[in-house]
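Undergrad: Let me give you the structure first, and then I'll get to my questions.
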Amino acid sequence: MKDNACRHCGSDCGSSPVMFSDAAFCCHGCKAVYEILHKNELGQYYEIQPMSGVRIENAQSLRKFAFLDNPEIAGKLVSFSDGNVSRVKLFIPSIHCASCIWLLEHLNTLHPSISYSDVNFPKKEVTITFRNDQLTLRQLAEMLAAIHYVPEITLDSLETDKKGTTNRKLLIKIGIASFSFMNIMMYSFPEYLPGGDLLEQDFKHIFGWLSFLLILPVVFYSANDYYLSAWKGLKHKIISIDLPITLGIIALFLQSSWEVFNGNGIGYMDSLAGLLFFLLIGKWYQGKTYEALSFERDYKSYFPVAVTKLFGNDESFVQIKELQKGDRIRVRNQELIPADSRLVGGNASIDYSFVTGEAMPVSRTTGELIYAGGRQVGSTIELEVEKPVEQSYLTQLWNQKGQKDEHHLLRNHVNTVSHYFTIIILIIAFTAFFYWLQQDLSTAVYVFASVLIIACPCALALTVPFTFGSTMRVFGRKGFYLKNTDVIEQLYRTDTIVFDKTGTITINRESEVSFHGEPLGREKPGMIKSMVMHSSHPLSIVLKDYLKEVPISEPERYEEIPGMGITGIVGGSRINIGSPAFVAGEDISSELTESRVYVSIDNNIAGYFSIGNVYRNGLEGIIQQLSKKYDLHLISGDNEAERKRLSAFFGDDKQLHFNQSPSDKKAFIDGLKSKGKKVLMIGDGLNDAGALATSDTGITIAEDVFSFSPACDAIMSSDKFTGLDRFLRFTGISFWVVRASFLISLFYNLIGLSFAVTANLSPLVAAILMPISSITVVAFATLSVNLLSRRFLRL
């Protein structure tokens, strides 16, 4: 660290530094940011990565954001706005390190109106949720600019594909490289022919200088991405995989320029131009290959989110991607709004915490717009779809929330291997350079560049994402939908599995129901059904089907208490439905030998429904298979009526835990994790949200209504439940494919190095082979996963 370095950005402060609190700054802008951060107790920004600040040489006036006061323009930028809460995604090109991410994800400390912010580092985007009654979009942009994270806001960019812009830039670079390569090869052609050494010296000089001029835009423009990546890595004490390539390019350019300046020809200008041309072609082709094999896009298209669609007086479950504008849908308590819709019936109380982080539900009246991603709290509502469903939008919502703070060992290992592999390659390259330098400088540079280029560890870096991405896509086709590729590693490391009972190992709609108590008469069954039809709890669904012929009326009030029951007013009467403790005020669960749902009307206990569970086909077999490798547990909010029957499945009575409230389930998972267990929780996503979120991996079993659960990491179609063991075993196969891909990559690099260090491999050929190695690893990983899935995932 330089003594005269700026405390914020690390630049040289010169002879007249700006001082503040005994700290030197290169400009007043850096000083202002430093003051803001320390005033708000955000000094940790500098601890994460010293001198990580962003410096803007020509900061523009904050009035440049005045156009955001225009409601029409602001409306195009805001992706969500309901009541006083808005959500916006901004492109901030100056995001460059961990400190930037940390600061931008702690914007709430800079302004209390910001409730949530999330950074997408690869895309350099930050998503911010804020209260628009206390902070305008313009003020938000000005606040970001004040701390030198200036958002780049162009309305044209919102309607254009950013990836397309990036591709166009790459194609321009390839075009420049190809033009220079072809012309330089033409100037080099005489040297490849017999008698080329007889070419007049003047022509050699002319061809040399023409080649030098042609190579300049290639070296300083077409290849600039490699320099920037290598420089940023070194700046933050990271040896990136682009460093060897950069050193190779610089070595060839300097050596060839020396040859030209001395009048000895064009040196390796032809090899350098060809090297960069083929490197860029490989980069473009890898991008196209990745796009063609996009596992993220594929699994979205199979994502099974369904909703109740109304056809007159009838209803049916359909996938949300089939919804069109004008369709009528029914959304029950705790179900997600699948598309932007208008309320046409019922009392809407929408919880937008899934989208905004705000936990307080907001009320909506008939005719008002309700945004996708909100969750209905209370009675059933009817909606009319305003916009066709965008599947990717809901998937982005799912991916945005509920990410577990995990240490992904495999990803860390790959990064570590790539880091040290690059260091070893640099050592080999310099050793070979000094060895050949004793014989000939030209050959030494030739070998140095070849070693650095042929041994690029790009293939290593691609192994994990393509293997796991292909696995995620295969799982999706089989009815098992993962939130992201990290879930595969979490499943692989699982050693303990915890099952919920109701709706997980039991089938909701195949239960034996009977009522015990005084005759309900003609009106009471309708009151009961009017209540249970608004709940998505498995037992409520059973009772709704049992009372399917009974007419209903809309409750005046409705409330669901997780783990206890539902309460409300129908026709002026207070209805309580749920556990004996909730309805009768007496906890007799331990004495029961069957599952019961009690009912009281106007505080008079009417009786109870006895519900006999029907377990999923193949449950005994899947439990036996899983018990060979995993420690199994069952936790249920029901009584112990099924203990004897379930003991036959699980074997050990100590593995069964009944009368568990949602908080008890969460505490149980916490207890297992405190013992060092890697816990997989499988539930129905209703009363299990706390346990699912606490577990290392949470899987929701989806029956008829495939509803989002922010707490879970995966959703499994109920008819694929018996394939759980095979899905878990296949994660091990995926790790085998990763290891095999590693070996292929290392074997390829060793063979290439053996030719390069002996001066038998030109940089040009190395540039052609390098992307081929990456494509080979990608193809092997993708094809292996697909072929092995046909054998081991026959469901």
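The values are calculated or read from the model by the stated rules, or taken from the named source; none is laboratory data. As the structure is a computational prediction, the values presented were derived from the model and not from experiment. With ideal geometry, Cβ positions are generated from the backbone for all residues, glycine too; neighbour counts draw on all protein chains shown. Side chains are part of the model used for accessible areas, which takes the heavy atoms of the whole protein and leaves out ligands, DNA and RNA. Shrake-Rupley method; radii C 1.70, N 1.55, O 1.52, S 1.80 Å.
Residue by residue, here is whether (1) closer than 20 Å to Asp684 by Cα; (2) in a strand (DSSP E or B); (3) β-branched (Val, Ile, Thr) holds:
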| position | (1), (2), (3) |
| --- | --- |
| Thr471 | no, no, yes |
| Val487 | yes, no, yes |
| Gln490 | yes, no, no |
| Gly503 | yes, no, no |
| Ser514 | no, yes, no |
| Pro519 | no, no, no |
| Arg522 | no, no, no |
| Pro525 | no, no, no |
| Ile541 | yes, no, yes |
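Undergrad: OK, next. Just one of the numbered conditions (1) surrounded by fewer than 21 Cβ atoms within 10 Å (Cβ to Cβ); (2) more than 26 Å from Glu586 (Cα to Cα) is not true of Ile669; which one?
TA: (1)
Undergrad: I need the full set of residues from region 755-774 which are open to solvent by less than 60 Å² (accessible area, probe 1.4 Å) and modelled with pLDDT of 80 or more, in order please.
TA: Hits for region 755-774 are Ala756, Val757, Ala759.
Undergrad: Residue check: is Leu672 outside any strand (DSSP E or B) and among the hydrophobic types (A, V, I, L, M, F, W, C)?
TA: Yes: the conditions hold for Leu672.
Undergrad: From the list Gly83, Gly29, Gly43, Gly53, exactly one residue is loosely packed, with under 15 Cβ neighbours inside 10 Å and either modelled with pLDDT under 75 or over 30 Å from Lys387 (Cα atoms) (or both). Which is it?
TA: After applying the criteria, what remains is Gly43.
Undergrad: Do we find that Glu640 is surrounded by 17 or more Cβ atoms within 10 Å (Cβ to Cβ), farther than 20 Å from Leu520 by Cβ and acidic (Asp, Glu) in this structure?
TA: In short, yes.
Undergrad: Give region 509-528 a look and list any residue that's touching a helix residue (DSSP H, G or I) at 6+ places or on another chain (Cβ under 8 Å) and surrounded by fewer than 21 Cβ atoms within 10 Å (Cβ to Cβ), or say none.
TA: If the condition is that a residue be touching a helix residue (DSSP H, G or I) at 6+ places or on another chain (Cβ under 8 Å) and surrounded by fewer than 21 Cβ atoms within 10 Å (Cβ to Cβ), then Arg509, Val513, Leu520 are the ones that fit.
Undergrad: Now for a different question. Which of the residues that make up region 336-345 are crowded, with 22+ Cβ neighbours inside 10 Å, in a loop (DSSP other than H, G, I, E, B) and not aliphatic (A, V, I, L, M)?
TA: If the condition is that a residue be crowded, with 22+ Cβ neighbours inside 10 Å, in a loop (DSSP other than H, G, I, E, B) and not aliphatic (A, V, I, L, M), then Pro338 is the only one that fits.
Undergrad: Moving to a separate point now. Among Ile699, Ile733, Ile715, which is the only one that is part of a strand (DSSP E or B) and either open to solvent by 20 Å² or more (accessible area, probe 1.4 Å) or modelled with pLDDT of 85 or more (or both)?
TA: Within the list Ile699, Ile733, Ile715, the selection yields Ile699.
Undergrad: Sort out which residues of region 672-696 are touching a residue at least 12 places away in the same chain (Cβ under 8 Å), surrounded by fewer than 24 Cβ atoms within 10 Å (Cβ to Cβ) and hydroxyl-bearing (Ser, Thr, Tyr), and write them in order of number.
TA: Within region 672-696, just Thr694 meets the criteria.
Undergrad: Something else now. Any residue in region 613-627 that is part of a loop (DSSP other than H, G, I, E, B), under 29 Å from Glu512 (Cβ atoms) and at pLDDT below 80?
TA: Scanning region 613-627 turns up at least one residue that is part of a loop (DSSP other than H, G, I, E, B), under 29 Å from Glu512 (Cβ atoms) and at pLDDT below 80.
Undergrad: Six or more apart or on different chains, Cβ under 6 Å: which pairs go from a residue in region 549-561 that's open to solvent by less than 100 Å² (accessible area, probe 1.4 Å) to one that's assigned to a loop (DSSP other than H, G, I, E, B)? Could you list them?
TA: The qualifying pairs are Pro555/Ser379; Tyr558/Gly378; Tyr558/Ser379; Tyr558/His534; Glu560/Asn333; Glu560/Ser535.
Undergrad: OK, next. For residues that are more than 25 Å from Asp688 (Cα to Cα), assigned to a loop (DSSP other than H, G, I, E, B) and aliphatic (A, V, I, L, M), tally how many sit in region 543-574.
TA: Qualifying residue count, region 543-574: 3.
Undergrad: Let me spell it out: the conditions are (1) more than 25 Å from the chain's Cα centre (by Cα); (2) modelled with pLDDT of 80 or more; (3) not small (Gly, Ala, Ser), and Asn333 meets all of them except one. Which number is the exception?
TA: The number of the failed condition is (2).
Undergrad: Also: Do we have Asp495 as open to solvent by 30 Å² or more (accessible area, probe 1.4 Å) and within 34 Å of the chain's Cα centre (by Cα) here?
TA: yes
Undergrad: When you look at Val599, is it more than 30 Å from Asp725 (Cα to Cα) and without any contact (Cβ under 8 Å) to a residue 60 or more places away in the chain, yes or no?
TA: Criteria not met by Val599.
Undergrad: State whether one or more residues within region 476-489 are acidic (Asp, Glu), over 15 Å from Val757 (Cβ atoms) and buried (at least 24 other Cβ atoms within 10 Å of the Cβ).
TA: Applying the first criterion (acidic (Asp, Glu)) to region 476-489 yields 486, 489.
Applying the additional criterion that residues be over 15 Å from Val757 (Cβ atoms) yields 486, 489.
From what is left, the residues that are buried (at least 24 other Cβ atoms within 10 Å of the Cβ) are none.
No, that holds for no residue.
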